[in-house]
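First comes the structure, then the notes that go with it.
The values are calculated or read from the model by the stated rules, or taken from the named source; none is laboratory data. As the structure is a computational prediction, the values presented were derived from the model and not from experiment. In this analysis, Cβ positions are derived from the backbone assuming ideal geometry, glycine residues included, and neighbour counts consider all displayed protein chains. Just the protein is used for accessible areas: all its heavy atoms, side chains included, with ligands, DNA and RNA removed. Shrake-Rupley method; radii C 1.70, N 1.55, O 1.52, S 1.80 Å.
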Amino acid sequence: MLSKRQYGIIGERRAKAYLIAKGYRFVASNYHTRYGEIDLVMRDRRELVFIEVKTRRDGLAGHPAESVTRTKLRNAVRAAVLFRREHDIRLPWRIDVIAITGKDIEHYRNVTN
Amino acid sequence: MPATTRSKPRRSKAPGRSRERHWSGTGAVVCGVDEVGRGAWAGPLVAGAVVLDTESRLHGIRDSKLLLKPDREQVAAYVHRRAVAVGIGTVDIDEFNRQGFPWALRESGRRAVDALGVEPGHVLLDGRHDYFAGSYPCETIVKGDLTELCIAAASVIAKVHRDGLMREFAEAHPQYGFARNVGYGTPDHQRALREHGPCGLHRRDWVPIAELLQLKLTV
C-alpha cells in the first residue's frame, strides 16, 4: 500500500508524462512560493501553463477535481503571477487542472478564465 | 480572473549569482553545468559548462526552457560572446545505448567541463545528484537552472547546440520530424514511431518508447 504522498508524487509524474506526450515542454515541478506549491510548470507552444495535479486512488471520496476549491485556485493564480515576475517572463499564461482517479486521467484547460 | 497580488512589484530575482559570487569570493574559478536531452527519446545527451566574469553585467540570460526559440539562439550567441569560457560535452546515442543513462549523464557533464579549457575551482551543478563525485569540488543546486545565472547560461548553450545537432540528424532520418521535436516524445514523433519503428538514433530499452510500441500490439 502506498502512502497518500507517494500516490501524489506518482500522479504528478504521470501528469508530466501525459502532457509531454501532448507536446508540452517541461519547465519546473514542485515550485514553492509563499502562496503554496505549483505542481507543474510547462509550456504549451507560446503559453506558460501552471498545472494543479489532483490524484485519488478511486472515486469513493468524490471526484478529484471537486477538491480544487476557489481558494486554491486563487492561490494558484497568485503563485503563477509570482513565478512569472520572479523569472521575468512575459509569455501568456493559464492554469490547468489534471485530475487522476485510479487509472483515469482528465485534463481541464484554462480553469480560471 | 484579475491577476493581481497585494505585494508591490519587485525586481525579478532569478536567475541570480549568489552561489557563483560566493565561491568566486574564495578565489575559485566557478562554472555552471547543466545538461539537456535528459527526457528525450532520441539523439544525444548534451551538457554545457559556462564560466562567467563575475564583474560583467549580463542581461536576458535565463533557463533555456523559459526562452522561445529565436530568443534562445540570440542568448546563446550572447553567452558565447560574453562568457570567460564555454564548454560543450556530447554523449552520442551509441555511447548512451551501450553505457546507460547514469553513465551518459556523468560523462556529458565531465566532457563539458573538460572542454572549458580552464580547470574550474568549483562547479555549480543543476539538480540533486553530484555526479562529479570528487573529481571537481561541486555544489548541486535543485532548480539551479532557474536560480543561478551561470547554470541558466549553460542550459541555453547546451540546448541550442543539441537542437542544431538534431536538425542535422533530421536530414538523414526525415520521417521522425527531429528538426521540430528534437527527439522528444511529441505527438508527431509518436505517430512516426508507430508507423516506422525506431531508428539508430533512438534510445534502446527506453520505457516510453517500449510502452508506445507495445500499445500498437495490443490495440
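Things to note:
- The three principal axes of the C-alpha atoms in region A:43-98 carry coordinate ranges of 42, 24, 13 Å, sorted with the longest axis first.
- Low-density loop positions, GluC sites (Glu not before Pro), region B:20-64 - DSSP coil, at most 16 other Cβ in 10 Å: B:Glu55
- Pairs of lysine residues in chain B - Cα separation under 27 Å, sequence separation of 8 or more or cross-chain: 11
- Between helix B:187-196 and chain B: long-axis angle, C-alpha atoms, 0 to 90°, nearest 10: 40
- Evaluated over region B:113-219, the Cα radius of gyration and Dmax, each in Å: 18.0, 55
- If you count Lys pairs in chain A whose Cα atoms are under 16 Å apart, skipping same-chain pairs closer than 8 places in sequence, the total is 6.
- Spin-label model distance (nm) - A:Arg13 vs A:His32, 7 Å beyond Cα toward Cβ: 2.2
- Estimated at 0.36 nm per residue, the fully extended path between A:Asn110 and A:Ala61 surpasses their Cα-Cα distance by 15.2 nm.
- Semi-axis lengths (Å, descending) of the ellipsoid that matches the C-alpha gyration tensor of the protein assembly as shown: 32, 28, 18
- Length-normalised contact order for chain B - Cα pairs under 8 Å, 6+ apart - percent: 28
- Chain A: relative contact order in percent, alpha carbon pairs under 8 Å with at least 6 residues between: 25
- Accessible area in the full protein assembly, largest first, 1.4 Å probe, for B:His161, B:His202: B:His161, B:His202
- Approximate spin-label separation B:Ser18-B:Lys69, in nm, with each point projected 7 Å along Cα-to-Cβ: 3.6
- Chain lengthening between B:Arg194 and B:Thr54 when straightened (0.36 nm per residue, less Cα-Cα): 45.5 nm
- Between the helical axis of A:4-21 and the longest alpha-carbon principal axis of chain A there is an angle of about 60 degrees.
- At a threshold of 20 Å², the residues of region B:151-193 that become less accessible to a 1.4 Å probe in the full protein assembly than in their chain on its own are B:Gly185, B:Thr186, B:Pro187, B:Gln190.
- Computed on the Cα atoms alone, the convex hull of chain B gives a volume of 160 cubic angstrom per residue.
- Area accessible to solvent at A:Ile9, 1.4 Å probe radius, in Å²: 60
- With respect to chain B, whose longest principal axis is taken over its alpha-carbon atoms, helix B:69-82 is tilted by about 40°.
- Student exercise, chain A dipole from Lys, Arg, Asp, Glu Cβ charges, in Debye to nearest 20: 180
- Shape analysis of region A:1-108 yields a ratio of the Cα radius of gyration to the Kirkwood radius, Rg/Rh, of 0.96.
- Spacing of the modelled spin labels on A:Gln6 and B:Ala133, each 7 Å from Cα toward Cβ, amounts to 2.7 nm.
- Based on protein heavy atoms only, the protein assembly as shown ends up with 51 Å² per residue of surface accessible to a 1.4 Å probe.
- When only alpha carbons are used to place a centre, region A:1-33 and region A:48-113 end up 12 Å from one another.
- Under a Gaussian network description of chain A, with springs only between Cα atoms under 10 Å, the residue in A:Glu86, A:Glu52, A:Glu12 that fluctuates furthest is A:Glu86.
- Ranking by accessible area, most exposed first, for A:Lys16, B:Lys69, B:Lys159 with a 1.4 Å probe: B:Lys69, A:Lys16, B:Lys159
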